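All remarks here apply to the structure that follows.
The values are calculated or read from the model by the stated rules, or taken from the named source; none is laboratory data. Since we're looking at a predicted model, the values are computed, not measured. When we count neighbours, we look across all protein chains shown, and the Cβ atoms used for this are built from the backbone with ideal geometry, even at glycine. Each accessible area value is taken on the protein alone, full model and side chains, heavy atoms only, with ligands, DNA and RNA left out. Shrake-Rupley method; radii C 1.70, N 1.55, O 1.52, S 1.80 Å.
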Amino acid sequence: MTQQRILIRGGRVLDPAAQRDEIADVLVENGRIAAIGTALDAAGAEILEAAGCWVAPGFIDLHVHLREPGQEYKEDIASGGRAAVAGGFTAVVCMANTHPVNDDPSVTEYILDRARQESPARVYPVGAATRGLAGEVMTEMVALVDAGCVALSDDGKTIMDSGVMRRVFEYSQLARVPIITHAEDRTLVREGVVNEGPVSTRLGLPGNPCVAEVVHVARDITLAELAGAHLHVGHVSTAGAVDLIRAARERGVHVTAEVTPHHLVLTDEATLGYDTNTKMAPPLRSARDVAACRAGLADGTLDAIATDHAPHAVHEKDVEFTAAPPGVLGLETAVPVTLELVRCEELTPLEWIRRLSTNPARIIGRPGGSLEVGAVADVAIVDPERRWVYDPAKGFSKSRNSPWAGQEMIGRAVATLVGGALVYDVERGVLLP
Amino acid sequence: MMGRDLLGIEDLERADLERILETAERMQEVGRRDVKKVPTLRGRTLVNLFFESSTRTRTSFEIAGKRLSADVVNFSPSSSSLTKAESILDTAMTLDAMDPDAVIVRHKVAGVPKRIADALAAPVINAGDGAHEHPTQALLDCFTVKQEKGRFDGLTVTIIGDITHSRVARSNLYAFSKLGAEVRLAAPPTMLPAGVEALGAKAYTSLREALEGADVVMVLRIQQERLDGCFFPSIREYASTFGIDRRKLRFAKDDAIVMHPGPVNRGVEISHDLADQRPGVILDQVRNGVAVRMAVLYLFAGRSAKREG
């Protein structure tokens with residue numbers, strides 16, 4: 001990154017790693033945090049006025065689908081990287097369900113090479129846990145991690161064979177990375193496309209029951225415990241899963257977990273108009289499940305907010321509800337959508353940032369999540385009060401599949417620094433690369 | 001008052017239902033004439049857009065439209081945009097560009113008529129979508145019950161069969177509840193959808209309890225394919241536990257009537273004799289279907305003002 005000298009002036013500096021919450025200036029120099037305080041010597045520095053804004057360590061999204069290689073009509077590393085920094089994310093963890101699947105170091109290297117050239121955000125690939133995401137033969141995990149993968153996952157698919165899952169957990173200790181699961185028992189999901197309950201019954205659409213998730217979270221916790229592995233549960237959506245994760249943590253199992261913005265603020269009732277932009281996997285759940293996820297996020301059972309950013313083209317979503325692919329955009333809306341939890345006083349600003357930044361960095365063992373002097377200057381500047389209307393057509397993602405299209409948002413990432421360079425400014429757009 | 005489209009009974013008020021039923025009574029009179037045709041919809045074009053095959057419902061709509069002097073066009077494309085290059089919305093918008101006065105839609109996936117209605121200028125009438133709704137079936141069932149019983153308030157309507165996969169059950173549940181009847185649902189636990197009591201009916205797994213004091217016994221078609229999803233063990237066991245015959249009917253009121261939306265599996269969900277003898281009223285339902293659909297076409301396709309495209 002370029003050697004800019006930047007003074008972020010007068011913002012509320014929020015650093016969960018240091019429990020810092022104060023109005024101060026932040027000086028960025030040589031790609032790192034050089035100083036925090038008042039009356040800093042900022043000769044020659046570019047000034048970023050941050051009065052009224054929160055200055056936080058850059059957000060790290062543990063769960064995105066960048067679609068490259070193979071489905072560049074939905075998204076690519078460049079557009080996904082731009083959407084990330086426009087949403088305050090300085091790094092994204094991209095899932096392996098590309099075409100070809102990221103189950104070989106050559107694919108990992110391709111992704112990282114493209115990211116270096118095209119993406120303003122850092123890109124951390126996830127390697128597949130099994131070849132071709134087929135759930136049968138494990139990948140060369142050590143080679144994938146040596147090539148740069150930060151986790152292993154068959155996300156999008158569930159490893160149904162419990163024997164394979166056990167071996168994946170056991171072997172993953174050689175690779176020293178977490179196994180991220182997509183916990184849905186396909187034999188219970190069957191044709192299900194919306195949460196099973198009064199809403200699926202009213203809609204007349206096949207239900208996907210909560211137990212499909214709960215059964216597999218129970219299985220995966222049990223197997224990870226047996227193997228002594230690090231299980232990271234992707235996109236938790238049910239009260240039952242939150243309870244299981246909480247209990248496992250209490251007895252010392254190495255399990256971490258994430259929850260998406262949509263599972264924190266939307267219930268299955270959002271699906272009542274048959275809008276395919278409310279179709280996700282796992283599906284939107286009941287108000288009781290949403291409350292449990294929010295409580296789990298507040299008490300730390302769920303470590304991270306991760307978007308499961310899943311771009312799909314308009315023509316793919318504009319079909320029968322059962323035929324539409326599941327998933328929604330998340331990178332550009334995560335900040336305003338989840339700020340609701342701060343406004344409801346379920347999370348303090350510092351704890352909100354911890355779940356978007358410090359905890360994700362810890363889970364994948366990468367730098368970030370801190371504004372300490374000397375830390376890499378990945379910074380998100382958020383205006384928590386800024387009101388704007390989200391129009392996906394004007395966003396940076398190539399796709400438009402958002403349940404929040406056209407809605408007024410409160411709060412927005414207004415500037416983003418990666419490696420000390422200003423890569424995004426809300427007035428000027430994406431500036432680098 | 002009623003919206004532009006007829007997508008489901010859930011969207012309607014009691015007064016809307018009563019208005020449709022009253023209109024249907026007048027339409028039935030047309031069907032009794034020597035010349036069964038009135039000029040009400042002359043010069044108007046109706047499209048039967050049936051993505052899922054259905055000879056009975058399509059024919060009923062076609063006859064209803066023709067008795068009102070409308071031009072009726074049948075269009076039955078292949079059923080899924082997964083197997084066909086042209087999407088359902090493209091198909092519907094292509095038809096819409098030919099300026100029909102109403103589009104009658106049937107599709108095997110719930111919600112498709114709503115998606116089409118959102119995209120089209122013409123009013124859309126739902127002729128059955130997946131397990132969601134089949135509003136004209138419920139209306140003709142209500143019409144039949146009104147003919148037989150003269151009222152809805154205080155009646156008990158028991159719907160028996162695969163509630164989970166039944167649009168007829170859902171539409172009838174809404175319709176009879178709104179009109180003041182008590183609705184009961186009876187099925188094996190595997191065929192009672194999750195949370196169905198939130199829709200306003202009481203669910204039973206005991207057929208006998210569900211039939212106790214029932215005025216109307218509505219039997220749903222059981223589908224052999226449901227054996228695959230592990231919903232019930234065999235046709236024989238279903239017939240013996242939930243199939244309706246004169247012996248089981250004794251649990252209901254003495255003057256209870258037996259209804260079925262058709263097509264009937266004789267000897268499975270309903271005994272052979274009840275399929276065409278009283279207290280079975282199945283052919284009356286079919287007959288009333290034409291009058292009810294005439295009323296629906298008159299009320300929804302007869303309005304001249306179109307929505308801005």
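Give the aspartates and glutamates reachable from residue A:74 as a straight Cα distance under 15 Å; neighbours fewer than 8 places away on the same chain don't count.
A:308, A:316, A:318
How many angstrom lie between the Cα centre of region B:109-149 and the Cα centre of region A:130-195?
Spelled out, the Cα-based centre of one part sits 44 Å from the other.
Give me a single rounded figure for A:316-324: the average over its residues of other chain Cβ atoms within 10 Å of their Cβ. The partial results should precede the final answer.
Details: counts 1, 0, 7, 9, 17, 7, 8, 6, 1.
Per residue, the number of nearby Cβ atoms from other chains is 6 on average.
When all protein chains stay in place, what accessible area (Å², nearest 10, 1.4 Å probe) is found for residue B:93?
Accessible surface of residue B:93 is approximately 100 Å².
Where in region A:173-198 is the amide nitrogen less than 18 Å from a point lying 7 Å along the Cα-to-Cβ axis of residue A:146?
A:173-177
Tell me, what is the Rg over Rh of the protein assembly as shown, with Rh the Kirkwood radius over Cα pairs? It would help to have the intermediate numbers written out before the result.
Values: Rg = 29.8 Å, Rh = 28.2 Å.
Ratio of gyration radius to Kirkwood radius for the protein assembly as shown: 1.05.
With a 1.4 Å probe and all protein chains kept in place, how much accessible area does residue B:148 have, in Å² rounded to the nearest 10?
The accessible area comes out at roughly 60 Å².
In debye, nearest 20: dipole of region B:135-286 around its Cα centre with unit charges on the Cβ of K, R (+) and D, E (-)?
On the way: 19 positive and 19 negative charges, 13 e Å.
That gives a dipole near 60 debye.
Any idea what the dipole of chain B comes to, in debye rounded to 20, about its Cα centre with Lys/Arg Cβ at +1 and Asp/Glu Cβ at -1? If you can, show how the numbers build up before the last one.
Numbers: 43 positive and 41 negative charges, 134 e Å.
I would put it at about 640 debye.
Calculate the mean, over all residues of peptide A:200-212, of how many other protein chain Cβ atoms lie within 10 angstrom of the residue's Cβ. Could the numbers behind the result be given before it?
Values: counts 6, 13, 12, 9, 18, 6, 7, 4, 0, 1, 0, 0, 0.
For peptide A:200-212, the averaged partner shielding equals 6.
Of A:34, A:84, A:58, which is farthest along the charge dipole of region A:20-89 in the positive direction, counting Lys and Arg as +1 and Asp and Glu as -1 at C-beta?
So the residue we want is A:84.
Over all directions, the average projected area of the alpha-carbon convex hull for region B:1-132 comes to how many nm²?
Details: hull surface 33.3 nm².
Mean projected area for region B:1-132: 8.3 nm², to one decimal.
For region A:38-52, just list the computed ³J(HN,Hα) in residue order, Karplus coefficients 6.51, -1.76 and 1.60, θ = phi - 60°, integers in Hz, with x standing in for Gly and Pro.
Along region A:38-52, the couplings run 10, 6, 6, 6, 10, 4, x, 7, 6, 9, 10, 6, 10, 4, x Hz.
Taking amide hydrogens as modeled 1.01 Å from N in the peptide plane, which residues meet the under 5 Å criterion relative to residue A:154, leaving out close sequence neighbours?
Counting only residues 5 or more places away or on other chains, the set is A:129, A:182.
Amide H of residue A:68 versus every other amide H placed in the peptide plane: which residues, excluding those fewer than 5 positions away on the same chain, fall under 5 Å?
Those qualifying (amide H under 5 Å, at least 5 residues apart or on another chain) are A:77.
Quickly work out the residue B:93-to-residue A:314 label distance, labels modelled 7 Å from Cα along the C-beta direction, and quote it in nm with one decimal.
Those two pseudo-labels are separated by 0.8 nm.
Can you list residues whose amide H is under 5 Å from residue A:63's amide H, if they're 5+ apart or on another chain and H is modeled 1.01 Å from N?
Residues meeting the amide H criterion: A:93, A:307, A:308.
Over chain A, what is the mean sequence separation of C-alpha contacts under 8 Å (at least six apart), divided by residue count, expressed as relative contact order in percent?
21
If you line up the long axis of helix A:210-227 against the longest principal axis of chain A, both from Cα atoms, how many degrees apart are they, to the nearest 10?
80
For chain B, rounded, prolate or oblate, judged on the Cα gyration tensor with a ≥ b ≥ c (square roots of eigenvalues), a/c < 1.5 rounded, else prolate if a/b > b/c? Present the calculation step by step, with values, prior to reporting the outcome.
Working: a/c = 1.89, a/b = 1.43, b/c = 1.32.
Cα axes put chain B in the prolate bin.
Only four residue types carry charge here, +1 at the Cβ of Lys and Arg and -1 at the Cβ of Asp and Glu. Report the dipole size of the protein assembly as shown about the Cα centre in Debye, rounded to the nearest 20. Can you show the working numbers first?
Working: 83 positive and 99 negative charges, 502 e Å.
In total the dipole reaches around 2420 debye.
What list of ³J(HN,Hα) values in whole Hz, one per residue of region A:417-428 in order, does the Karplus curve 6.51 cos²θ - 1.76 cosθ + 1.60 (θ = phi - 60°) give from phi, with Gly and Pro shown as x?
With the stated coefficients, region A:417-428 comes to 10, 10, x, x, 9, 6, 9, 8, 9, 4, 7, 9 Hz.
Quantify how strongly other chains surround peptide B:106-114 by giving the mean number of their Cβ atoms within 10 Å of each of its Cβ atoms. Let's see the in-between values first.
Details: counts 0, 1, 2, 9, 12, 12, 5, 1, 5.
Mean shielding count: 5.
Please give, to one decimal in nm, the separation of the simple spin-label points placed at residue A:408 and residue A:385, each 7 Å out from Cα toward the Cβ.
1.5
Compare B:151, A:114 by solvent-accessible area with a 1.4 Å probe and give them largest first, with all protein chains kept in place. Intermediate values should be presented prior to the final figure.
Numbers: B:151 110, A:114 60 Å².
Descending accessible area places them as B:151, A:114.
Between the helical axis of A:77-86 and the dominant principal axis of chain A, each derived from Cα atoms, what acute angle in degrees is found, rounded to the nearest 10?
60
If you rank A:63, A:99 by how much accessible surface each has, with a 1.4 Å probe, what is the order from largest down?
Details: A:63 0, A:99 105 Å².
Descending order: A:99, A:63.
Taking the Cα atoms only, what angle lies between the long axis of helix A:287-298 and the longest principal axis of chain A, rounded to 10 degrees?
With both axes taken from Cα atoms, the answer is about 50 degrees.
Normalised by the residues of region B:135-286, what does the relative contact order come to in percent, with Cα pairs under 8 Å and at least six apart?
23
Lysine pairs in chain B with Cα distance under 27 Å, only those 8 or more apart or on different chains: how many are there?
For chain B, qualifying lysine pairs total 28.
Taking square-rooted eigenvalues a ≥ b ≥ c of the alpha carbon gyration tensor, is region A:297-342 rounded, prolate or oblate, where a/c under 1.5 means rounded and, failing that, a/b exceeding b/c means prolate?
Numbers: a/c = 3.22, a/b = 2.32, b/c = 1.39.
Because a/c hits 1.5 or more and a/b exceeds b/c, region A:297-342 counts as prolate.
May I ask you to derive the relative contact order of region B:242-295, considering only C-alpha pairs under 8 Å and at least 6 residues apart, and to give it as an integer percent?
Details: 43 pairs, mean separation 20.3, N = 54.
Once divided by the residue count of region B:242-295, the mean separation gives 38 percent.
When N is the residue count of region A:56-364, what does its C-alpha Rg come to as a fraction of 2.2 N^0.38 Å? Show your work: numbers first, answer last.
Working: Rg = 17.8 Å, N = 309, 2.2 N^0.38 = 19.4 Å.
Compared with the compact-globule rule of thumb, region A:56-364 sits at 0.91.
Looking at the P(r) of region B:135-286, how many percent of alpha-carbon pairs lie beyond 23 Å?
Details: 3056 of 11476 pairs.
In whole percent, the share of Cα-Cα pairs in region B:135-286 beyond 23 Å is 27.
Beta carbons within 10 angstrom, averaged per residue: use that to sort the peptides B:140-146, B:32-38, A:299-305, highest first.
The packing order, highest mean first, is B:140-146, A:299-305, B:32-38.
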